[in-house]
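Below is one structure, written out as structure tokens; comments come after it.
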Number of protein chains: 2
Amino acid sequence: MPRPVTVRFLAGGEGPWRIDHVVAVTGVCLPVARRLFIVDGDDDGFAERDPPAWAITAFTSNERYLQRAERAALASRQEPLGRPQATCAAMLPIRKSDAWWDLPQDERRSIIEERSRHIRIGLDYLPAVARRLYHCRDLGEPFDFVTWFEFAPVASAAFDELLARLRATEEWSYVQREVDVRLSR
Amino acid sequence: MPRPVTVRFLAGGEGPWRIDHVVAVTGVCLPVARRLFIVDGDDDGFAERDPPAWAITAFTSNERYLQRAERAALASRQEPLGRPQATCAAMLPIRKSDAWWDLPQDERRSIIEERSRHIRIGLDYLPAVARRLYHCRDLGEPFDFVTWFEFAPVASAAFDELLARLRATEEWSYVQREVDVRLSR
């Protein structure tokens, strides 16, 4: 597992990803913007001419809930980001409630997997949907996580089904704010 | 549980804590400095005249391993930082190995508590020793954690015993770098 990497999601007039639409699933939406640039931690070559419409800083980290067999099942099926045919992306910034963060580790784990089957549901959409989780609660951002997904246009309906199944779980009852940003390149 | 707070540990010529001695327990030591200033995330009133001898940025976060009964046991005995009689402090920056971070969540938990009794050992030194854990691996720091301890001079021997017991555990076999900074005010 590589060391954590910090990235900055910059929405504005520039970037390789076109923002096709933005929906507030729960809570307040994000401002309108045309394009998204993801600045890697070590990349200081990017400077937007104008201030971004919005920006979120977040990092990859160690796994917080996965057990060994689950990790092996994911690893045997998942594919990396950046596949040429995966021209669709979804960015889901999520904030969970204080009640969620007040739960001890083992109870959060129980809700996520034993009761909501979050990992198990995700497996059903591999390898079509590639995924990376970023954390941002510890940085004082208005969201706790950003999940980034990439898939081919043909997998769009399957991806919507994945989200619908996750949003119907007990885990999602703790989601206080969720914005669904859809992109293409 | 409050939202995470980011602090900056600045070692140099200024600050309320005098650095009495610094020992490299494992790996490379930190440079010599006279005093320590802990800058709170929201405190921009501090600007050292000279560049710090060393600086570490770290944040408090949600609990990563505690179960509900353990949290209750800690809460019933622990006391806050900042007690007037607690004029001794210890700052322990620690980095664990890649092998540690490659372990899945449940195996890290097993090593920490079921096999090393980290939480159970800590309980034996409450309320004499007050403690706060900061995380910094996700920020790209050369350490993964900083643990900050405060205690009265009379508890110094007990504190040394606590560290000796922790350093004898299986968990500590994953510690790749540890610096022991002792301070007083």
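The values are calculated or read from the model by the stated rules, or taken from the named source; none is laboratory data. Computed from a predicted model, the values in this text were never measured in an experiment. Here the Cβ positions follow ideal geometry from the backbone for every residue, glycine too, while neighbour counts run over all protein chains shown. Please note that ligands, DNA and RNA were not included when accessible areas were found on the heavy atoms of the full protein model with its side chains. Shrake-Rupley method; radii C 1.70, N 1.55, O 1.52, S 1.80 Å.
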*Distances from A:Asp50 to the same residue in each other copy, label points 7 Å out along Cα→Cβ, in nm, shortest first?*
4.8
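Any idea what the dipole of the stretch A:14-100 comes to, in debye rounded to 20, about its Cα centre with Lys/Arg Cβ at +1 and Asp/Glu Cβ at -1? Could you put the intermediate results ahead of the total?
On the way: 11 positive and 12 negative charges, 89 e Å.
Computed about the Cα centre, the dipole is about 420 debye.
Using only C-alpha atoms and all pairs of different ones, pull out the Kirkwood radius for the stretch A:1-94 in Å with one decimal. Provide the component values of the computation, followed by the final result.
On the way: mean 1/r = 0.0637 Å⁻¹.
Taking every pair of different Cα atoms in the stretch A:1-94, averaging 1/r and inverting gives 15.7 Å.
D for chain B, whole µm²/s, Stokes-Einstein with Kirkwood Rh over alpha-carbon pairs at 37 °C and 0.692 mPa s: what number? Spell out each step's value before the answer.
Values: Rh = 17.2 Å.
Rounded, D is 191 µm²/s.
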*Give the distance, in whole Å, between the Cα centre of the stretch A:74-95 and the Cα centre of the stretch B:111-143.*
35 Å
*From the label point of B:Leu133, set 7 Å from Cα along Cα→Cβ, how far away are the matching label points in the other copies, in nm, ordered shortest to longest?*
1.7
*Angle, helix B:68-77 long axis vs. longest principal axis of chain B, Cα atoms, 0 to 90°, nearest 10?*
50 degrees
*Work out the FRET efficiency for A:Leu133 and A:Asp102 from their Cβ-Cβ distance, taking R0 = 30 Å, and round it to the nearest 0.05.*
0.90
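Explain nothing, just the number: relative contact order of the stretch B:116-158, from Cα pairs under 8 Å at least 6 residues apart, as a whole percent.
Values: 37 pairs, mean separation 15.4, N = 43.
RCO, the stretch B:116-158: 36 percent.
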*asked:* Given R₀ = 56 Å, what would the calculated FRET efficiency be for B:Leu123 paired with A:Cys29, taking r from the Cβ atoms and rounding to 0.05?
replied: 0.75
_Explain nothing, just the number: relative contact order of chain A, from Cα pairs under 8 Å at least 6 residues apart, as a whole percent._
33 percent
_Mean separation of Cα contacts under 8 Å, 6 or more apart, over the residue count of the stretch B:1-83: relative contact order %_ = 38 percent
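To the nearest 100 Å², how much accessible surface do chains B and A cover up together, summed over both, with a 1.4 Å probe? The partial results should precede the final answer.
Values: alone 9840 and 9840 Å², together 17020 Å².
About 2700 Å² of accessible surface is lost on pairing.
So what's the back-of-envelope 222 nm ellipticity for the protein assembly as shown, counting only DSSP H runs of four-plus at -39500 (n - 2.57) apiece and dividing by all residues, rounded to 500?
Working: 10 runs with 76 residues, N = 370.
Per the formula, -5500 deg cm²/dmol.
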*Using the Karplus equation 6.51 cos²θ - 1.76 cosθ + 1.60 (θ = phi - 60°), what ³J(HN,Hα) coupling, rounded to whole Hz, does each residue of the stretch A:163-173 give in order, writing x for Gly and Pro?*
5, 4, 5, 5, 5, 8, 8, 4, 3, 5, 5
*Positive dipole terminus of the protein assembly as shown, leading residue within A:Ala130, A:Thr60, A:Val7 (C-beta point charges)*: A:Ala130
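Calculated FRET efficiency, A:Asp20 and B:Leu74, Cβ-Cβ r, R0 56 Å, to nearest 0.05? Show your work: numbers first, answer last.
Values: r = 48 Å, r/R0 = 0.86.
Step by step, r from the Cβ atoms, then E = 0.70.
Taking the convex hull of the Cα atoms, report for the stretch A:96-185 its projected area averaged over all directions, in nm². Spell out each step's value before the answer.
On the way: hull surface 25.3 nm².
Dividing the Cα hull surface by four gives the mean projection, 6.3 nm².
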_For A:Val28, place a label point 7 Å from Cα along the Cα-to-Cβ direction in every copy; what are the distances to the other copies, in nm, shortest first?_
4.3
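Could you tell me what percent of the accessible area of the stretch B:36-185 is made up of carbon and sulfur, with a 1.4 Å probe and every protein chain present?
Details: 3370 of 6530 Å².
About 52 percent, which is the carbon plus sulfur part of the accessible surface.
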*When only alpha-carbon atoms count, how far does the protein assembly as shown stretch along each of its three principal axes, as whole angstroms with the largest first?*
68, 47, 35
*Return the sequence-ordered ³J(HN,Hα) values of the stretch B:94-106 in whole Hz as given by the Karplus equation 6.51 cos²θ - 1.76 cosθ + 1.60 applied to θ = phi - 60°, using x for Gly and Pro.*
9, 10, 9, 6, 4, 4, 4, 6, 7, 6, x, 3, 5
*Calculate the dipole size of the protein assembly as shown relative to its Cα centre from +1 charges on Lys and Arg beta carbons and -1 charges on Asp and Glu beta carbons; express the result in debye to the nearest 20.*
300 debye
